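Note sheet for the following structure.
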Amino acid sequence: MAVVKANAYGHGLEATARILEPLDEVDALAVSAFREATVLRDHGVRKAILILGPTASNHYSRAAAEGLSLTIHQPRQIDELAGYAHKASAEALSVHLKVDTGLHRLGFAPDEIPGLLADLAHLQPVVEVSGLYSHFHSADVEDLASAKAQLQCFGELVTDLTRWGRRPPLCHIANSAATLRMPEAHIDMVRVGGALYGLSPNHEHCRLPKTIQPVLSWHTEVVQVHEVCAGTALGYGLCWQARRPSRIAVLPVGYTDGLPRTVPGVVLVRDQTVPLVGTRSMNMAFVDITDIDNPPVQPGERITLIGSDRTNALYCSRIADLEGTIEYEVTARIPESDRILRALAGDAAA
């Protein structure tokens, strides 16, 4: 199962789905919201889709008509499913039950699942329990003890359900990290998210194989260059001052485009790493290009925010280190926006 939630981790939902749709290795897609699933259907994606987040009951009819699977994670939804099943015109609706094995986000306690499955059995064939799943909280850290405890909890539940003849067809718990590090957690299916895009779940303890590379590059260009004297302050709050006579390039990207407003950052200019300086504006950012000359940087020159330049590369792992975050956030915060042109490699606009 390929996870394409959050606009495919910032890579573009429709474009990513277009690549994944014909692949035999991908049996299904996962999104976080009903709207994401309907966007995929509207763009002709026919693969199975699981909605990982909550879905309002007024969407059940369309979900059934579109062949979407819903996550059921709280008691209220059981009552809503019963109401749906008793409608004369109700179409068959696929659901996966979410089990809370320790993340304490969404899901039922493991000991609730057998009774819920018995209740839902009375709603067949209108409500079909197609899957049972849980989610790891620490499969990417150095010590896998807690992840193994979660797996044991989930595995014991699956074993009991099998013995009682109530096991759903698809049981799954492995995220990207567990797919890489815990083959015993693969069960019926794995849910690959960040690793699908070449992002390491944890670049200290859970790196991707070298054969898997980041797929996203993000570029912009210089719109203006300023020569400033030593001591000149710039940007909102005047929080950065030039320590020497400096050349400052202005870029047409800011926090509305996914750049953090104040944390340290770098970009690539002519294959060299240079710092972002000052506070990022909503639509603009400053870069110190003083050390790049022969000839000096001019408006219109390309800037690499993420990805490869000539022989150098600025990967999300380095950006995440500078910002004190994870690689997934670096790309997932890039919005779906008319300001950002997305193109697949090989396209004319790429």
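Tabulated results
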| item | result |
| --- | --- |
| Residue selected from the range 133-169 under the condition surrounded by 15 or more Cβ atoms within 10 Å (Cβ to Cβ) and among the aliphatic types (A, V, I, L, M), by the criterion farthest from Gly194 (Cα to Cα) | Leu161 |
| Restricting the range 303-312 to residues that are out of contact with any Phe, Trp or Tyr (no Cβ under 7 Å at 6 or more places or on another chain) and modelled with pLDDT of 95 or more, the residue that is surrounded by the most Cβ atoms within 10 Å (Cβ to Cβ) | Ile303 |
| Selection status of Trp218, in contact (Cβ under 8 Å) with a residue 12 or more places away in the chain, within 18 Å of the chain's Cα centre (by Cα) and over 26 Å from Asp100 (Cβ atoms) | yes |
| Residues being acidic (Asp, Glu) and assigned by TED's automatic domain parsing to the domain that holds Leu52 - total across the range 186-220 | 1 |
| Qualifying residue in the range 239-252 (condition: surrounded by 15 or more Cβ atoms within 10 Å (Cβ to Cβ) and closer than 20 Å to His11 by Cα) | yes |
| Options Arg46, Arg18: the member that is at pLDDT 95 or above and either not in a loop (DSSP other than H, G, I, E, B) or not hydrophobic (A, V, I, L, M, F, W, C) (or both) | Arg46 |
| Boolean, Ala118 is over 26 Å from the mean Cα position of the chain (by Cα), surrounded by 15 or more Cβ atoms within 10 Å (Cβ to Cβ) and without any contact (Cβ under 8 Å) to a residue 60 or more places away in the chain | no |
| Residue tally, condition among the charged types (D, E, K, R) and touching a Pro at 6+ places or on another chain (Cβ under 7 Å), over the range 161-194 | 1 |
| Selection within the range 54-78 - part of a loop (DSSP other than H, G, I, E, B) and exposed (fewer than 15 other Cβ atoms within 10 Å of the Cβ) | Ala56, Gln74 |
| Residue count for the range 22-43, restricted to those that are more than 16 Å from Gly10 (Cβ to Cβ), in contact (Cβ under 8 Å) with a residue 24 or more places away in the chain and assigned to a loop (DSSP other than H, G, I, E, B) | 3 |
| Any pair with Cβ under 6 angstrom, 6 or more apart, that starts in the range 73-96 at a residue that is assigned by TED's automatic domain parsing to the domain that holds Phe34 and ends at one that is modelled with pLDDT under 95 | Tyr84/Ala90 |
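The values are calculated or read from the model by the stated rules, or taken from the named source; none is laboratory data. This structure is a prediction, so every number in the text was calculated from the model and none was measured. Using ideal geometry, Cβ is built from the backbone for each residue, glycine included, and neighbour counts are taken over all protein chains shown.
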